[in-house]
Amino acid sequence: MLVATRNPLNIGSAARAMSNFGFLHLRVVNPYEIAFREARSAVGASALLASAEEYKNVADAVADCTLVVGTTAVGHRELRHPLRRLEYGARLIRKEAASSRVALLFGSEKVGLSNQDLSHCHWLMRIPTREAHSSMNLGQAVAVCLYELVRDAKARGQQERPKRAAAGEVERMTALLNEALRLSGYFKSGAPASTEDKVRRLVRHLNVPAGDAELWLGLLRQIVWKLRSGEKLAG
């Protein structure tokens, strides 16, 4: 999944790397150039690029995914997520991908993923480049990550793990929890958007199983309904 990428050639290179390693589902979020579907750099991957799904925001793009992993060069930014090296993170992704849909997010060439983008992630992954020159070309970074995902084919046969709730369900849980916090007075008036991002990260760290998602949604809906009823009575 490519988020706010600026150069169509880089999108094409990423699509080519995907095709090389057998990953055929590309999603783009607010690509900078509409012409990315005709990128000449997508050698042998024009069909993959033509079928890329386009989204307005990360929330919609990851809604049907049970694991969302962001990539980062780290640099000087302060991270609020678990950070794993590529070789270990790839093993975890392979296990999850055996039974569920996983999103691997790459940010723009200039600034990477924003803090809001990262708030949709369960954890982050980095390629172990040298500290003095940590940033990689987007197409190269995609190729390195995907190679690591496929190089140990034996891992694909490992025992399945319990399926997680899809990101869309987790986002609905987050929205209900944020509303409950506002209605209860926990959020002060005019609280910044970053406060809701913190709640989103907290909910994702729970790794809610798919079978429990509907129960959590029901509980949170009841809490919100009760708080709204109390507001009407008080009014």
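Observations
- Exclusive hit being of a type in the set (A, V, I, L, M), outside any loop (DSSP other than H, G, I, E, B) and surrounded by fewer than 17 Cβ atoms within 10 Å (Cβ to Cβ), set Ala47, Ala59: Ala47
- Search result, residues across region 193-235 that are over 14 Å from Ala175 (Cβ atoms) and small (Gly, Ala, Ser): Ser194, Ala210, Gly211, Gly218, Ser229, Gly230, Ala234, Gly235
- Residue among Ala4, Ala59, Ala63, Ala17 that is in contact (Cβ under 8 Å) with a residue 40 or more places away in the chain, of a type in the set (Gly, Ala, Ser), more than 17 Å from Met125 (Cα to Cα) and touching a His at 6+ places or on another chain (Cβ under 9 Å): Ala59
- Restricting region 110-129 to residues that are small (Gly, Ala, Ser) and surrounded by 15 or more Cβ atoms within 10 Å (Cβ to Cβ), the residue that is modelled with the lowest pLDDT is Gly112.
- Residue in region 26-33 that is over 23 Å from Ser134 (Cβ atoms), modelled with pLDDT under 85 and touching a helix residue (DSSP H, G or I) at 6+ places or on another chain (Cβ under 7 Å) present: yes
- Region 222-235 residues that are more than 18 Å from Leu177 (Cβ to Cβ) and surrounded by 10 or more Cβ atoms within 10 Å (Cβ to Cβ), paired with ones that are of a type in the set (Phe, Trp, Tyr) and modelled with pLDDT of 90 or more (beta carbon under 7 Å, 6 or more apart): none
- Residues within region 172-195 that are in contact (Cβ under 8 Å) with a residue 24 or more places away in the chain, surrounded by fewer than 19 Cβ atoms within 10 Å (Cβ to Cβ) and more than 21 Å from Gly230 (Cβ to Cβ), tallied: 3
- Selected residue (only one of Asn207, Asn115 is in contact (Cβ under 8 Å) with a residue 40 or more places away in the chain, on the phi > 0 side of the Ramachandran plot and under 17 Å from the mean Cα position of the chain (by Cα)): Asn207
The values are calculated or read from the model by the stated rules, or taken from the named source; none is laboratory data. Predicted model, so just to flag it, every value in this text is computed and none were measured. Using ideal geometry, Cβ is built from the backbone for each residue, glycine included, and neighbour counts are taken over all protein chains shown.
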